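A.B. asks: Mind looking over this structure? Questions follow.
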Amino acid sequence: MAKKITNRVTWVGKIDWELTSFHGDELSTHRGSSYNSYLIRDKKVALIDTVWLPYDREFVARLKEEIDLQKIDYIIMNHNEVDHSGALVELLREIPGTPIYCTAKGEAIIRGHYHQDWNFVRVKTGDTLSLGETTLTFIEAPMLHWPDTMFTYMSGDNTLFSNDGFGQHYATESLYNDRVCMAEVMQEALKYYVNILNPFSPMVLRKVKEVVGMNLPLDLICPSHGVIWRENPAQIVEKYLQWADAYQEDQVTIVYDTMWQSTRQMAQAIAQGIQEASPSTTVKLMNASVDDKNDILTEMFRAKLVLMGSPTINNGYSYAIAGLLEMARGLKFKKKRAAAFGSYGWSGEATKMITEHLQQAGFEIVNDGIRQAWVPDTDMLQACREWGTSLM
Ligand code: FEO
């Protein structure tokens with residue numbers, strides 16, 4: 001159902017309550033998501049973004065209930081990953097000549113996806129499109145998080161259509177940040193940032209500072225996923241400035257895998273030592289085989305120190321830890337200290353291998369780690385506590 005946002009802007013997207021993962025299985029979506037599309041009715045009519053492919057017919061059918069499609073003058077595509085461009089084929093079947101405003105990279109991506117010779121209008125930063133009373137201004141935002149990304153600012157309603165930027169995978173019928181649980185939304189916004197945007201943090205920092213420097217009046221930020229920032233939209237801008245700048249909290253995140261509980265016992269003893277040395281520090285233990293991978297990465301992002309442990313298995317380490325190390329490499333965390341630990345039976349390579357991979361992933365290695373043959377006894381658990389204490 002369409003939802004009126006302002007006198008001119010109507011939300012015409014799709015709320016996806018059933019979505020449990022995104023980008024294949026790369027990103028868990030515990031709270032669903034939405035694909036936000038916006039219809040602007042002024043003297044001219046513009047549609048901003050569409051929805052994911054499986055919902056293309058539903059999207060177009062609902063849009064028809066809202067407006068005669070022939071009255072849509074412009075389609076604005078801020079970013080062309082299929083969760084936003086997926087309904088273009090179905091829509092343009094009805095209105096084939098409608099100009100599509102996008103960046104040059106956007107045109108290339110749409111052509112690469114759909115192989116159609118549609119009516120593209122390439123735009124650059126500072127280009128404008130008058131709709132009558134209001135004007136759209138385009139702001140290229142490459143690598144936030146694809147090369148084609150741009151923001152569209154609408155004067156009059158003081159609204160920034162930011163696509164993935166400031167978004168969250170969060171399904172709600174309530175639409176606005178002031179009508180939902182803010183703790184949930186902020187957790188999802190952080191998880192989204194960590195798992196999608198963090199590799200591009202230098203670009204995020206530059207772009208967000210540039211947009212802030214434009215001093216645009218800002219009443220609404222309308223992203224392409226999750227809630228619209230209506231109450232204090234600057235709060236999510238502030239968060240992005242913090243997250244993009246080597247963010248860390250006073251937190252230690254201990255990630256481990258375990259076969260017969262020895263590495264788990266080590267992890268708990270290390271946590272105890274850390275907590276004894278620094279009671280104010282938040283210590284989180286996460287089991288790589290039990291906890292959600294993207295939640296773990298989000299807690300690694302919060303941390304100033306990451307400790308990663310695995311038993312040695314087949315002269316290596318657990319596949320769950322291997323997966324996290326590969327994901328952490330790609331996410332490019334900055335200014336985080338790290339070390340490894342683990343139990344073993346007869347060869348014991350895991351600790352050294354994890355240390356090497358943490359280093360390759362950009363972590364600052366604090367020492368060679370700690371390892372234990374077979375099951376830790378009282379002395380070994382004390383050594384783990386002391387090792388934890390020494391890291392603080
Ligand atoms: Fe929501 Fe990058 O697509």
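The values are calculated or read from the model by the stated rules, or taken from the named source; none is laboratory data. These numbers were taken from a predicted model, which means no experiment stands behind them. Every residue, glycine among them, receives a Cβ derived from its backbone with ideal geometry; neighbour counts consider all protein chains shown. Quick note on the areas: whole protein, heavy atoms, side chains included, nothing else; ligands and nucleic acids left out. Shrake-Rupley method; radii C 1.70, N 1.55, O 1.52, S 1.80 Å.
A.B. asks: From the list PHE120, PHE59, exactly one residue is in the same structural domain as LYS209 (by TED's automatic domain parsing) and more than 16 Å from the ligand (Cβ to nearest atom). Which is it? Steps first, answer last, please.
C.D. replies: Working: PHE59 fails: more than 16 Å from the ligand (Cβ to nearest atom).
Only one candidate passes the filter, namely PHE120.
A.B. asks: Could you count how many residues in the stretch 18-52 are surrounded by 16 or more Cβ atoms within 10 Å (Cβ to Cβ) and either within 12 Å of the ligand (Cβ to nearest atom) or under 26 Å from THR6 (Cα atoms) (or both)? Spell out the reasoning first.
C.D. replies: Pass one, the stretch 18-52, residues surrounded by 16 or more Cβ atoms within 10 Å (Cβ to Cβ): 19, 22, 27-42, 44-52.
Within this subset, residues satisfying the condition of being either within 12 Å of the ligand (Cβ to nearest atom) or under 26 Å from THR6 (Cα atoms) (or both) are 19, 22, 27, 29, 32-42, 44-52.
Residues in the stretch 18-52 being surrounded by 16 or more Cβ atoms within 10 Å (Cβ to Cβ) and either within 12 Å of the ligand (Cβ to nearest atom) or under 26 Å from THR6 (Cα atoms) (or both): 24 in total.
A.B. asks: Those residues that are crowded, with 20+ Cβ neighbours inside 10 Å, assigned to a loop (DSSP other than H, G, I, E, B) and in contact (Cβ under 8 Å) with a residue 60 or more places away in the chain, I need them from the stretch 336-375; list them, please.
C.D. replies: Listed by number, the list holds a single entry, LYS336.
A.B. asks: Still on this structure, please answer the following. Among the strands (runs of 3 or more DSSP E) confined wholly to the stretch 126-218, which include 1 or more residues that are free of Cβ contacts under 8 Å to residues at least 12 places away in the same chain? Reasoning before the result, please.
C.D. replies: Working: elements: 128-130, 135-140, 150-154, 159-163.
Ranges flagged: 128-130.
A.B. asks: Moving to a separate point now. Quick one: which of HIS145, HIS169 is within 22 Å of ILE15 (Cα to Cα), assigned by TED's automatic domain parsing to the domain that holds ILE67, surrounded by fewer than 24 Cβ atoms within 10 Å (Cβ to Cβ) and within 16 Å of the ligand (Cβ to nearest atom)? Walk me through it before giving the result.
C.D. replies: Details: HIS169 fails: surrounded by fewer than 24 Cβ atoms within 10 Å (Cβ to Cβ).
HIS145 is the lone residue from the list that is within 22 Å of ILE15 (Cα to Cα), assigned by TED's automatic domain parsing to the domain that holds ILE67, surrounded by fewer than 24 Cβ atoms within 10 Å (Cβ to Cβ) and within 16 Å of the ligand (Cβ to nearest atom).
A.B. asks: Which numbered condition in (1) within 16 Å of the ligand (Cβ to nearest atom); (2) surrounded by 22 or more Cβ atoms within 10 Å (Cβ to Cβ) is the only one that ALA244 fails?
C.D. replies: Result: ALA244 passes all but (1).
A.B. asks: Something else now. Please count how many residues of the stretch 128-142 are open to solvent by less than 50 Å² (accessible area, probe 1.4 Å) and away from the ligand (no atom under 16 Å from the Cβ).
C.D. replies: We begin by selecting, within the stretch 128-142, every residue open to solvent by less than 50 Å² (accessible area, probe 1.4 Å); these are 129, 131-132, 134-139, 141.
Pick out the ones that are also away from the ligand (no atom under 16 Å from the Cβ) and you get 129, 131-132, 134-139.
Total satisfying the criteria: 9.
A.B. asks: Considering each of GLY156, GLY106 in turn, give the residue that is of a type outside the set (Ser, Thr, Tyr) and modelled with pLDDT under 95.
C.D. replies: Of GLY156, GLY106, the one residue that is of a type outside the set (Ser, Thr, Tyr) and modelled with pLDDT under 95 is GLY156.
A.B. asks: Do you know which of the residues in the stretch 70-114 that are in a helix (DSSP H, G or I) and acidic (Asp, Glu) is farthest from the ligand (Cβ to nearest atom)? Please lay out each step first, then the result.
C.D. replies: As a first pass, look at the stretch 70-114 and keep what is in a helix (DSSP H, G or I): 70-71, 82-85, 88-94, 104-114.
After this cut, where a residue has to be acidic (Asp, Glu) as well, the list is 83, 90, 94, 107.
Numbers: ASP83: 4, GLU90: 18, GLU94: 24, GLU107: 17 Å.
Taking the candidates together, the pick is GLU94.
A.B. asks: I would also like to ask the following. With the requirement that a residue be in contact with a helix residue (DSSP H, G or I) (Cβ under 8 Å, 6 or more places away or on another chain) and not in a loop (DSSP other than H, G, I, E, B), what does the stretch 34-63 give you?
C.D. replies: Step one: list which residues in the stretch 34-63 are in contact with a helix residue (DSSP H, G or I) (Cβ under 8 Å, 6 or more places away or on another chain), which gives 35, 37, 39, 45, 47, 49-53, 56-57, 59-60, 63.
Residues satisfying the conditions are TYR35, LEU39, VAL45, LEU47, LEU53, ASP56, ARG57, PHE59, VAL60, LEU63.
A.B. asks: Mind counting the residues in the stretch 202-235 that are away from the ligand (no atom under 16 Å from the Cβ) and not aromatic (Phe, Trp, Tyr)?
C.D. replies: Of all residues in the stretch 202-235, those away from the ligand (no atom under 16 Å from the Cβ) come to 202, 205-206, 208-220, 229-235.
Now narrow it down to the ones that are not aromatic (Phe, Trp, Tyr): 202, 205-206, 208-220, 230-235.
Within the stretch 202-235, residues that are away from the ligand (no atom under 16 Å from the Cβ) and not aromatic (Phe, Trp, Tyr) number 22.
A.B. asks: What pairs can you find where one residue is in the stretch 274-286 and free of Cβ contacts under 8 Å to residues at least 40 places away in the same chain and closer than 12 Å to VAL255 by Cβ, the other is of a type in the set (Phe, Trp, Tyr) and surrounded by 16 or more Cβ atoms within 10 Å (Cβ to Cβ), and their Cβ atoms are less than 8 Å apart, with a gap of 6+ or different chains?
C.D. replies: From residues that are free of Cβ contacts under 8 Å to residues at least 40 places away in the same chain and closer than 12 Å to VAL255 by Cβ, the pairs are LEU285/TYR256; MET286/TYR256.
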